[in-house]
Amino acid sequence: MSDTKVSRRKFIKYAAGGAIIVGVAGVGLYEAWQNGLLGATTKPVDTTPFVIDAWTSIRQVDPPSDNNNNAPIILNQTYEPLVWFDKDKFTLIPWLAESWKASSDSLTYTFTLRKGIKFHDGTDLNAQAVKSSLDRTVLINDPQSAVSYLNNSLKGANAYSTTKMTDADAQAYLSNNSVEVVDANTVAIHLAAVNPVFLDYLTVTDCFIVSPDWVQKNGGVTPGKPNTVMAQQAHKAGTGPFIFDSWDAQGQTAVLARNPNYWGSPYNTGPPTLGKVVIRELPDTNTRLLNIKSGASDLTYIPPDSIFQLVDKDTWLNQGQLKSIASGVQVNGTYPTLSVRYFALNQNVLDASGNPKPVQPFKNIKVRQAMAYAFDYAGYLKATYNNFALQPNGCVAKGEFGYDASIPAPVQNLDMAKQLLLSAGQDMGFSQSNPLNVTVWYFVGSANGKNATTILASAVNALNTGFVLTPNSMPAGAFFTANGNGQLEAWVLGWPGNFTDASEHVGPFGDFRRGAGTGIAIRAGYNNPNVISLIDQQAAETDSTKRANIISQIVKAINNDYAYIFLDQPSGYFTIKNNVQGWSVNIPTNIVWSNFTAGIVYLYPVGRK
Amino acid sequence: MKLSSFILRRLILLVFVLFGVAVLVFLLTRAAPGIDPIFAYVTPNTPSSAYPVIREQHHLNDPLYVQIWYWFWDVLHGDLGYSPSAGMPVSMAAAIFFPATAELTIAATIISLSVAIPLGILSALKSNKWQDHATRLFVMTSSSMAVFWLGLMLQFVFFYLLRVNGLPSLPPAGRISPDVLVSQSITHYTGLNVLDSVLNGNLPYLVDSLSHLVLPATTLALVSMGLTARIMRSSMLEVLGQDYITMARGKGLPERVVIYKHAFKNAMLPTTTVVGLSFASLLSGAVLTEKIFAWNGMGSWAANAALANDTVGIIGFTLVTATIFVCVNLVVDIVYAILDPRISY
Amino acid sequence: MEEYVLSVQDLKTKFFTRHGVVNALDGVNLTIRKGEIMGVVGETGCGKSVLALSIMGLVKYPGKVVEGSVVFRGRDLTKLDPDEMRKIRGSGIAMVFQDPLTFLNPVFTIGDQLSEVFLFHAEMDRKVVEYRIAKAKESLAESTNDGQRDQLIEEINTLERAKEAPAKASSKEARKAAWYFSTEMMRLLEISDPERVAKFYPHELSGGMRQRIMIAMALALEPDLLIADEATTALDVTTQAQILQLLKELRSRINSAILIITHDLGIVAQTCERVAVMYAGKIVEFTQTRELFSNPKHPYTQGLLSSVPRMSGPEADLEWIPGSVPDMINLPSGCTFHPRCPFAQKLCEQEAPEMLGETSHLVRCHLYGKLQAGRQAYEK
């Protein structure tokens, strides 16, 4: 889970649901895509509603303001971006764009749009629509969305985001013409600086293309303010396979209707077979379980602590296979998500007034290294996730561009840990008779945090070296405030990626210059100039091989500094009725809020047997 | 005093109550140690460079009294401020969440009263007999049951077991079935699905809405009826010992008239207070019940706002709740005056 | 042969409390003649109110009539089922209680509470016809138009005939008629503007008015017996006198017997023809009022009488009976009055006396039986 906002917002759900957030980061495509691909045009329309029991709230479903967990499940079926991920590999492919071309200085990308695509409201998709959509996201600048990616790349957008966002500021931004209409089907985007991941940015839901006509008739654009009309109502303003038909605000239920004029995506032709899709909010796991078991829903997500009501526990834990034990229901997976959970060891603990505290337990690398050796990785994964998670080999998630499988993951070695701590004790002056007490933190309701701190503390304390860890918790609000101010000695949190590029993780973990909001390094007092310079290098490197190499170096460097213990990368899966076929895991866009299975299943080719 | 001027006076009082509550809650949320109010407005995606802008935008750098003033300005403009956790202005959030809670509360109260009052009377009439013990046991058990367990059991029996055995079952959660939602469309006038479907004259929608109400309302009712039944029992017992009951019997009135006319109306006086208070607290949302039955009401809004440090949302919720309490108390007072002629406004 | 309205024989009422059994009534014998005003007098706690409630069958849990009979209209009331007993209450035996404020239901109007008596007892179909006749007669009295008068007379005649086999009246008509007779009843009790007063709630009336209302309720159905339990105690002296006067007048109009239960010998002297003195659940003396006052026999009665201040005669210290009402759970052995009796002998501790003397003056005291010799010696 993400560091600040989302964790706090959602922690009640963790507390109630068993506290494990697992989702699918659709790393490419599941093999069923190939097997189950349906000839959508030949199938008659399936009139029975396809029911998805979503497990978190559906509020604010507007691409520029999609700050909640289930907005993407609606947006991914109803809107489309210029480029999206290929179903097999992690490469980007043209989607609403037919092709694109980067200028020689890599500062301008020119997109040629597919012709003949219409929005659900009947208007044409054209260059003006693309410009309006992207500019709208920049102008609204909803700080809760992922708009900062766009701000970081579009010319003038970052400057605008630090203004008071008056009409004059908006005009100043628009005068940059950073999204330029070349002709009806050609749009050029001007960047502020070279950005090798700019195209990845376009896949986040903030960059989905929206009918400008519809927006104009429904609230328009007010700089700096979310469009509450769009955010609170259904809108027929996308190009996707389904139309956002209605939204029952009282019941928090969305109804999607088949788009009979769908252009067919790069992989298929014709409209979808499902006539209606109903997405309803059901936060209670037991209710979702009863529903899927009794056939009242078609697709849902059941967290790992309840999943053994649907799959055989022994088969999974011993053989790693998901064997269904509930009739008519299958559990599919697993897929790595893009979230990396870590145990930060703060090298520069600050006091309330922002000054470094006199005792810095983790400043000595031997102590940090000892922590990494003392931690029981396998025990943690089993206790916390029932093995529905991987052990990361560094800060980059498996599935991201730049992931280097050859980097070894750390293993527990208590002898090494003890030696290192004894040695560190001599340096720092702690011993069994003169112990050093250190508090390790998690926020109230975080089961992962509780498990990780307890497991580490019990291992370290058993070494009897005088280095004593005490797990402790704080309410989420106070936790994030103290954490943001660098006051926690050590803590457990997660960091999700918005798209499949390592920049989502190397920056936060390695770049000390980032602020506390988007940076972990500053909060952990981790400042390695070498790592920072490598991060700058990869950010300007347009050659992907070279860039991957630099990223690998960054990961190794951070690992060698033992700044963090990397705990887990949750695995995703989803629960679906047996008679459903053609499902696939959708391209993992904007999974900050939606790294949950149901959020990213792609429904277009789905049909029933 | 006349009823209208009584109501008017209380409503004027309400304004002051609301103002006091708002200032208090604002100060409490801001005075909470170690919580930076900016966390209501940011996510990990928010770059640090935007923090000063956000602080400026939401006046977080200003002194508290200035911040209250800005909030008050929003109130005067009718939308009560923007609640980031709900993703909408407070007025809109209240308009969406309150009807849901109101519908559930009304249904639960109807169920609760129609069970608790007769049980309380029975318990009092058969005081210390087996009927009394059985009633008290039932009431104690149901009201001390954990909501999540009770809710789950009701879902399991009345939805799952019935459904897998091919019998007609009750919907486990939500406010409307997918197929009804897809096939029927109604205009929402009040946000109360039952009332709206009646106003629209849509029978399938009405039946479906009612069936969705059964389990959550029963859960809430079972948990909240204990107090009502016990108050009813004790006040009935007290009233039955009163001289005017002896008098009524002495007049040779049939026992049913003695109990359901003479004793009942008097015994309803204390019960009305309790029912009013529990009605008001139910109206401010039942977090657990709303979660289990996916009923998006005041409770889930409040929980989300609190978890997100959403000051504006918390104040908004508190104001709505305070208004509910004042209004319900007003209604209770009026009902009181109707029930008891000795009380004047 | 004397005609008795009510005959109480050996009535025993016990309260089975947590602390022990209270013998509230310990074998009471009492007969009331038709149209007679009889008094029962005694200190607070002697059981006189329990006597009234036992007759009415209104003894509350944990009390119970355990023995004896209450014969009214030839039937033993203690053996009637609750519904039959209910029918007798109000119409056969009615009761006026001590405190009209607590005995009137605070949340219903006077008219409502009065009407009930009619609604649940009287033949309302017939009453409705009577109501119509009364209304028609009122119109007749006011009417000056001859044609209309004839019409009204015709209507009254038709209604008079219909009285024998009245048509089923609607509940609305019944309520209207009951309300009408209620106000008539209030008029009888000399309440001015009864139509207006009927709409009042009990707390809006004075004590005297409330007591009149209670009496109106009790007399509404012209019962054979009216029990007035401390009916005037809470009232000031003037009102008390008015009410007693009213009771006397009504007795002669309706010909009800009245049982006045009081601790006030003055009231007894003013109103009653015969009087029973109660002590600790037993009647200790029973005779004509005149006889009792001129020739009290029981030491307790003597004590009671001498504790009444007198304005005439020689000035003397007010006498009182030493001690207090005995603990009803642990009653003294023998004569229950012996611990307080100035004449108590050994025998009084050992043996409970029977009722002695002639029927016209019964007394429960050894002084008039086994200890007669001693008494006579003492008197000399």
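Out of all the residues in region C:311-333, is one or more modelled with pLDDT under 90, among the polar types (S, T, N, Q) and buried (at least 16 other Cβ atoms within 10 Å of the Cβ)? Within region C:311-333, not a single residue is modelled with pLDDT under 90, among the polar types (S, T, N, Q) and buried (at least 16 other Cβ atoms within 10 Å of the Cβ). Of the helices (runs of 4 or more DSSP H) that lie entirely inside region A:360-448, those containing 3 or more residues that are touching a Lys or Arg at 6+ places or on another chain (Cβ under 6 Å) span A:414-428.
The requirement of being within 20 Å of A:Y201 (Cα to Cα) and either among the basic types (K, R) or surrounded by fewer than 19 Cβ atoms within 10 Å (Cβ to Cβ) (or both) is fulfilled nowhere in region A:516-529; no residue meets it. Have a look at B:S224, B:S278, B:S234 and point out the one that is away from every other protein chain (no Cβ under 13 Å), part of a helix (DSSP H, G or I) and modelled with pLDDT under 85. The unique qualifying residue is B:S224. If you go through region A:210-256 and keep only what is crowded, with 21+ Cβ neighbours inside 10 Å, among the aliphatic types (A, V, I, L, M) and not in a loop (DSSP other than H, G, I, E, B), you end up with A:V215, A:M230, A:A231, A:I243, A:A254, A:V255, A:L256.
Here is the figure for region A:196-230: residues that are closer than 24 Å to A:Q171 by Cα, within 12 Å of another protein chain (Cβ to nearest Cβ) and among the aliphatic types (A, V, I, L, M) total 2.
Looking at (1) in contact with a helix residue (DSSP H, G or I) (Cβ under 8 Å, 6 or more places away or on another chain); (2) over 30 Å from A:M474 (Cβ atoms); (3) surrounded by fewer than 21 Cβ atoms within 10 Å (Cβ to Cβ), which one does B:V239 not meet, given that it meets all the others? Among (1) in contact with a helix residue (DSSP H, G or I) (Cβ under 8 Å, 6 or more places away or on another chain); (2) over 30 Å from A:M474 (Cβ atoms); (3) surrounded by fewer than 21 Cβ atoms within 10 Å (Cβ to Cβ), the lone unmet condition for B:V239 is (3). For region B:255-274, the candidate set comprises residues that are over 32 Å from the mean Cα position of the chain (by Cα) and of a type outside the set (A, V, I, L, M); within that set, the residue that is farthest from the other protein chains (Cβ to nearest Cβ) is B:R256. What do you reckon, is B:D196 of a type in the set (D, E, K, R), within 11 Å of chain A (Cβ to nearest Cβ), in a helix (DSSP H, G or I) and surrounded by fewer than 17 Cβ atoms within 10 Å (Cβ to Cβ)? Judged against the criteria, B:D196 is not a match. Within region B:41-73, the set of residues being touching a His at 6+ places or on another chain (Cβ under 8 Å) and more than 7 Å from chain A (Cβ to nearest Cβ) comprises B:V66, B:Q67, B:Y70. Filter region A:106-161 for residues that are out of contact with any helix residue (DSSP H, G or I) (no Cβ under 6 Å at 6 or more places or on another chain), facing another protein chain (nearest Cβ under 10 Å) and over 20 Å from A:N176 (Cα atoms) and give the result. Hits for region A:106-161 are A:D142, A:Q144.
The set of residues from region C:162-215 being of a type in the set (D, E), in a loop (DSSP other than H, G, I, E, B) and more than 25 Å from C:P100 (Cβ to Cβ) comprises just one member, C:E164. Among the residues making up region B:72-97, those that are of a type in the set (F, W, Y) and crowded, with 21+ Cβ neighbours inside 10 Å are B:Y82, B:F97.
Among the residues of region B:255-290, the ones that are among the charged types (D, E, K, R) and without any contact (Cβ under 8 Å) to a residue 40 or more places away in the chain come to 3 in all.
Taking first residues from region A:250-279 that are touching a residue at least 40 places away in the same chain (Cβ under 8 Å) and within 13 Å of A:T47 (Cβ to Cβ) and partners that are part of a loop (DSSP other than H, G, I, E, B) and among the polar types (S, T, N, Q), the Cβ contacts under 7 Å between residues at least 6 apart in sequence or on separate chains come to A:G275/A:T47.
In the set B:G252, B:G297, which member is within 14 Å of chain C (Cβ to nearest Cβ), small (G, A, S) and buried (at least 21 other Cβ atoms within 10 Å of the Cβ)?
Being within 14 Å of chain C (Cβ to nearest Cβ), small (G, A, S) and buried (at least 21 other Cβ atoms within 10 Å of the Cβ) holds for just one of B:G252, B:G297, which is B:G252.
Scanning region A:164-173 for residues that are crowded, with 18+ Cβ neighbours inside 10 Å and within 11 Å of chain B (Cβ to nearest Cβ), we see that the one that is modelled with the lowest pLDDT is A:M165.
Looking across region B:152-173, the residues that are more than 7 Å from every other protein chain (Cβ to nearest Cβ) and loosely packed, with under 15 Cβ neighbours inside 10 Å come down to B:M153, B:V157, B:L161, B:N165, B:G166, B:L167, B:P168. Filtered by the rule that a residue be in a helix (DSSP H, G or I) and loosely packed, with under 13 Cβ neighbours inside 10 Å, region B:111-132 gives B:S114, B:W130. Applying the criterion of at least 2 residues that are at pLDDT below 80 to the helices (runs of 4 or more DSSP H) found wholly in region A:505-609 leaves A:597-600. Selection of region C:187-209 for residues being modelled with pLDDT under 90 and surrounded by 22 or more Cβ atoms within 10 Å (Cβ to Cβ) yields an empty set.
Could you please find all residues in region C:84-123 being outside any loop (DSSP other than H, G, I, E, B), more than 7 Å from every other protein chain (Cβ to nearest Cβ) and over 21 Å from C:V5 (Cα atoms)? Passing the criteria: C:P100, C:L101, C:I110, C:G111, C:D112, C:Q113, C:L114, C:S115, C:F118, C:L119.
Beta carbons closer than 7 Å, at least 6 apart along the sequence or on distinct chains, pair a first residue in region B:153-169 that is closer than 17 Å to B:F293 by Cβ and touching a residue at least 12 places away in the same chain (Cβ under 8 Å) with a second that is in a loop (DSSP other than H, G, I, E, B) and not small (G, A, S) for B:Q155/B:P172; B:F158/B:L170; B:F159/B:L170; B:F159/B:P171; B:F159/B:P172. Tell me yes or no: at least one residue of region B:323-344 is small (G, A, S), crowded, with 17+ Cβ neighbours inside 10 Å and either touching a residue at least 60 places away in the same chain (Cβ under 8 Å) or more than 10 Å from every other protein chain (Cβ to nearest Cβ) (or both). Taking every residue of region B:323-344 in turn, none turns out to be small (G, A, S), crowded, with 17+ Cβ neighbours inside 10 Å and either touching a residue at least 60 places away in the same chain (Cβ under 8 Å) or more than 10 Å from every other protein chain (Cβ to nearest Cβ) (or both). For region A:311-340, the candidate set comprises residues that are within 14 Å of chain B (Cβ to nearest Cβ) and assigned to a loop (DSSP other than H, G, I, E, B); within that set, the residue that is farthest from B:W295 (Cα to Cα) is A:L338. In region B:1-109, counting only helices (runs of 4 or more DSSP H) that sit wholly within it, the ones holding 3 or more residues that are within 30 Å of A:N498 (Cα to Cα) and in contact (Cβ under 8 Å) with a residue 12 or more places away in the chain span B:50-57.
The values are calculated or read from the model by the stated rules, or taken from the named source; none is laboratory data. All figures in this text were calculated on a predicted structure; none of them were measured in a lab. Methodologically, a virtual Cβ is constructed for each residue, glycine included, from the backbone with ideal geometry; neighbour enumeration extends over all protein chains shown.
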